[in-house]
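Encoded as structure tokens, the structure appears first; notes follow it.
The values are calculated or read from the model by the stated rules, or taken from the named source; none is laboratory data. Please read these numbers as outputs of a predicted model, since none were measured by experiment. Heads up, the Cβs are rebuilt from the backbone with ideal geometry, glycines too, and the neighbour counts pull from every protein chain shown. These area figures cover heavy atoms from the full protein model, side chains too; ligands, DNA and RNA do not enter into them. Shrake-Rupley method; radii C 1.70, N 1.55, O 1.52, S 1.80 Å.
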Amino acid sequence: MKNVIYRHLKTSTYILDKSESVNLKNKDPESEDKLTKGVREIVVKTETDENKVVTKVTIEKPQKTASTSKQEIAPQVKKRLLIDFSASYTERNFITPMRAMTEYLLKQSDLESLPKVLRRSPYESEPPITVHYRKDVEAKAIEVWGSREVLEKELLRRELDRRRYEQDVFTVKRRLRNYRREMSDKRLKQAEELGLKTRSGRVVLTAIGINGCNFLFKLCAWFYTGSHSLFSECIHSLADTVNQLILAYGIHKSVQIADPDHPYGYTNMRYVSSLISGVGIFCVGSGLSFYHGVVGILDPQPLHDFFWAYFVLGGAVVSEGATLMVALSAIRKGAKEANMSLREYVIRSSDPSVNVVLLEDTAAVAGVVVAASCMAVSQYTGNPLFDAVGSILVGTILGGVASFIILSNVGALVGRSIPQEQLDEINSVLERDFMIRAIHDVKGIDIGSNLIRYKAEVDFDGRALTRSYLEKHDLNVLLEDIKKIETIDNVEAFLLKHGENIVDMLGGEIDRIELKLRKKFPQIRHCDLEIL
């Protein structure tokens, strides 16, 4: 009977039949050694069944003793891979789509097929950002460009083009800077010529000279006579001289060219100086005249001989009258140029410096007449009260003139619209342009010295603009370019090229319209046209 051995891995039990167990001791020693190799004890158990007797042989593995070698009891240790911090790892790096398109010259369509990873945004309260693995981007770039060498050559070429462009821009900026410096020097010279050498400047300088001389003569006459009315006229001439010095500074400053701190220039300095002049007349001239008149009423002093006083006042009437005529002539010319009436030109304070000179000289002539009349009445009656009342009347005239100057200049500084007729005329010219469909939110602000700042929201005719663009190009060439369009990239390149050119043309049209308005209306200093 064939010997059968049943092996159970977990129990290490071998089942043999009875004959095999009997002949086990007679086996070959080598076979026995192979069978019992590493076995310390064999336990034989006999079980009786109804049909047969089965002998079970259990093989127990020996226990490891202290004499076992260290190599047998030492556990196996797996070799770990250490991180080399000196090496460069880029395969798992993330890269944003913008960097991928910039550094690897890929398009948005190239990145759509690459795996995407959502990462937390580096900015607070911002949604997650989409990134790609750098290794995927590099592989895609090599696929698109053919090889890394071709990609590097293209990057180098674009870098050289960028540097060449920056150098060209730097050269252009340097030339523009030199040109601006030359123009600034020319403008400074023109400003010096247009400042106090203009009609307004000549009027103010003439008034300074005459009022300065009148002040000296009136001061000497007051010391000689002690007249309260003459003192008021002396203070009046002093106030006029100081105020007109302030006006001269305002005229000189108003023609200064614009700078980054004052991009619209210094035109309003004329109104500022005129406002200061009005305040000075009110506080100094009118205030001192009232004070001296009240003192004369409360403490009347005996009168002296008024002979030299009349002589000085007569000279003042002549000189003040001459200045008044110069100022009146200048205002008439300005009103005629502005197509305005003399009264409207004065009320709107279109030329504030000349306006102040005109009003001051008018008040001066009226004050001289009032002072001389009150002095004559006092001398005729022998009552000094009339002379004191004359001082109060001169102060009242100065206060009225100062109040008008202050109010008119405040209105100009706050900003007021130009006359509606002038605004309608400008709007009519703008609306008749073939590029304009409609205009909205129109504002025309008087910025002083008969200058205007014009602003309007403009609705451009896109079809007219496109026709004008097509007229400047060969339609056959455009047709050939259109026939070459086969892919989305070609469509994008075509639209980008012509879209940018049309936008540039729109800017040129705006410049053309602004130039036309300035040519038609020279008083427009600033023209702001905004696309609706």
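For the stretch 228-315, give me every one of the helices (runs of 4 or more DSSP H) that falls completely inside it and has 1 or more residues that are more than 43 Å from the chain's Cα centre (by Cα), at pLDDT below 75 and farther than 25 Å from GLN523 by Cβ.
Values: elements: 228-254, 269-280, 287-298.
Where helices (runs of 4 or more DSSP H) fall fully within the stretch 228-315 and carry at least 1 residues being more than 43 Å from the chain's Cα centre (by Cα), at pLDDT below 75 and farther than 25 Å from GLN523 by Cβ, they are 228-254.
Have a look at VAL389, VAL442 and point out the one that is touching a helix residue (DSSP H, G or I) at 6+ places or on another chain (Cβ under 7 Å) and either closer than 30 Å to LEU506 by Cα or aromatic (Phe, Trp, Tyr) (or both). Give the steps one after another, and end with the answer.
Details: VAL389 fails: either closer than 30 Å to LEU506 by Cα or aromatic (Phe, Trp, Tyr) (or both).
Within the list VAL389, VAL442, the selection yields VAL442.
Taking TYR454 as meeting all but one of (1) assigned to a helix (DSSP H, G or I); (2) modelled with pLDDT of 85 or more, write down the number of the exception.
(1)
Can you tell which of VAL346, VAL394, VAL410 is farther than 30 Å from LYS443 by Cα and in a helix (DSSP H, G or I)?
Numbers: VAL346 fails: farther than 30 Å from LYS443 by Cα; VAL410 fails: farther than 30 Å from LYS443 by Cα.
Testing whether each residue is farther than 30 Å from LYS443 by Cα and in a helix (DSSP H, G or I) leaves just VAL394.
Looking at the structure I just gave you, is LYS519 at pLDDT 85 or above, open to solvent by 70 Å² or more (accessible area, probe 1.4 Å), outside the structural domain of LYS336 (by the TED database) and outside any helix (DSSP H, G or I)?
Details: at pLDDT 85 or above: yes; open to solvent by 70 Å² or more (accessible area, probe 1.4 Å): yes; outside the structural domain of LYS336 (by the TED database): yes; outside any helix (DSSP H, G or I): no.
No, not satisfied.
Can you name every residue in the stretch 388-401 that is touching a Phe, Trp or Tyr at 6+ places or on another chain (Cβ under 9 Å) and of a type outside the set (A, V, I, L, M)?
Matches in the stretch 388-401: SER391, GLY395, THR396, GLY399.
If you scan the stretch 457-483, which residues turn out to be of a type in the set (Asp, Glu) and either closer than 30 Å to VAL255 by Cβ or in a strand (DSSP E or B) (or both)? It would help to see each step written out before you state the result.
At the first step, the residues of the stretch 457-483 found to be of a type in the set (Asp, Glu) are 457, 459, 461, 471, 474, 480-481.
Scanning the stretch 457-483 gives GLU457, ASP459.
Out of GLU514, GLU486, I need the residue that is part of a loop (DSSP other than H, G, I, E, B), free of Cβ contacts under 8 Å to residues at least 60 places away in the same chain and of a type in the set (Asp, Glu). Which one?
Values: GLU514 fails: part of a loop (DSSP other than H, G, I, E, B).
Result of the check over GLU514, GLU486: GLU486.
Could you give me the residue pairs with C-beta distances under 8 Å whose first residue belongs to the stretch 326-339 and is surrounded by 13 or more Cβ atoms within 10 Å (Cβ to Cβ), whose second residue is among the acidic types (Asp, Glu) and assigned to a helix (DSSP H, G or I) wherever it lies, and which are 6+ apart or on separate chains?
If the second residue must be among the acidic types (Asp, Glu) and assigned to a helix (DSSP H, G or I), the pairs left are ALA327/ASP361; ALA335/GLU344.
If you check ILE331 against the conditions, is it modelled with pLDDT of 85 or more, in a helix (DSSP H, G or I) and not polar (S, T, N, Q)? Give the steps one after another, and end with the answer.
Working: modelled with pLDDT of 85 or more: no; in a helix (DSSP H, G or I): yes; not polar (S, T, N, Q): yes.
Taking the combined requirement at face value, the residue does not satisfy it.
State all residues of the stretch 142-158 that are free of Cβ contacts under 8 Å to residues at least 12 places away in the same chain and over 41 Å from the mean Cα position of the chain (by Cα); if no residue qualifies, say none.
ILE142, GLU143, GLY146, SER147, ARG148, GLU149, VAL150
Hey, can you tell me all the residues within the stretch 349-377 that are without any contact (Cβ under 8 Å) to a residue 40 or more places away in the chain and farther than 17 Å from SER232 by Cβ?
LEU358
Within the stretch 159-170, how many residues turn out to be within 30 Å of the chain's Cα centre (by Cα), aliphatic (A, V, I, L, M) and under 15 Å from LEU105 (Cβ atoms)?
Qualifying residue count for the region: 0.
Quick check, is VAL389 within 32 Å of the chain's Cα centre (by Cα), hydrophobic (A, V, I, L, M, F, W, C), on the phi < 0 side of the Ramachandran plot and open to solvent by 60 Å² or more (accessible area, probe 1.4 Å)?
Values: within 32 Å of the chain's Cα centre (by Cα): no; hydrophobic (A, V, I, L, M, F, W, C): yes; on the phi < 0 side of the Ramachandran plot: yes; open to solvent by 60 Å² or more (accessible area, probe 1.4 Å): yes.
Taking the combined requirement at face value, the residue does not satisfy it.
For the stretch 299-328, which positions are touching a helix residue (DSSP H, G or I) at 6+ places or on another chain (Cβ under 9 Å) and charged (D, E, K, R)?
ASP305, GLU320
Name the residues in the stretch 94-113 that are more than 34 Å from the chain's Cα centre (by Cα) and either open to solvent by 70 Å² or more (accessible area, probe 1.4 Å) or in the same structural domain as ILE488 (by the TED database) (or both), would you?
Matches in the stretch 94-113: PHE94, GLU112, SER113.
Which one of these is of a type in the set (A, V, I, L, M, F, W, C) and either open to solvent by 40 Å² or more (accessible area, probe 1.4 Å) or more than 49 Å from the chain's Cα centre (by Cα) (or both): LEU423, LEU413, LEU430, LEU451? Explain how you work it out, then say what you get.
Numbers: LEU423 fails: either open to solvent by 40 Å² or more (accessible area, probe 1.4 Å) or more than 49 Å from the chain's Cα centre (by Cα) (or both); LEU430 fails: either open to solvent by 40 Å² or more (accessible area, probe 1.4 Å) or more than 49 Å from the chain's Cα centre (by Cα) (or both); LEU451 fails: either open to solvent by 40 Å² or more (accessible area, probe 1.4 Å) or more than 49 Å from the chain's Cα centre (by Cα) (or both).
Matching residue, one of LEU423, LEU413, LEU430, LEU451: LEU413.
Given the residues VAL318, VAL370, which is the only one that is in the same structural domain as THR225 (by the TED database), more than 30 Å from ILE418 (Cα to Cα) and surrounded by fewer than 16 Cβ atoms within 10 Å (Cβ to Cβ)?
Numbers: VAL370 fails: surrounded by fewer than 16 Cβ atoms within 10 Å (Cβ to Cβ).
Result: VAL318 is the single residue among VAL318, VAL370 that is in the same structural domain as THR225 (by the TED database), more than 30 Å from ILE418 (Cα to Cα) and surrounded by fewer than 16 Cβ atoms within 10 Å (Cβ to Cβ).
From the list GLU530, GLU514, exactly one residue is open to solvent by less than 50 Å² (accessible area, probe 1.4 Å) and in contact with a strand residue (DSSP E or B) (Cβ under 6 Å, 6 or more places away or on another chain). Which is it? Reasoning before the result, please.
Numbers: GLU530 fails: open to solvent by less than 50 Å² (accessible area, probe 1.4 Å).
Residue meeting the stated conditions: GLU514.
Residues of the stretch 246-289 being among the aromatic types (Phe, Trp, Tyr) and open to solvent by less than 80 Å² (accessible area, probe 1.4 Å), which ones? Spell out the reasoning first.
Taking the stretch 246-289 first, the residues among the aromatic types (Phe, Trp, Tyr) are 249, 264, 266, 271, 282.
Matches in the stretch 246-289: TYR266, TYR271.
Here's a check for you: in the stretch 456-473, which residue that is surrounded by 15 or more Cβ atoms within 10 Å (Cβ to Cβ) and in contact with a strand residue (DSSP E or B) (Cβ under 9 Å, 6 or more places away or on another chain) is farthest from ALA335 (Cα to Cα)?
Among those that are surrounded by 15 or more Cβ atoms within 10 Å (Cβ to Cβ) and in contact with a strand residue (DSSP E or B) (Cβ under 9 Å, 6 or more places away or on another chain), it is ALA464.
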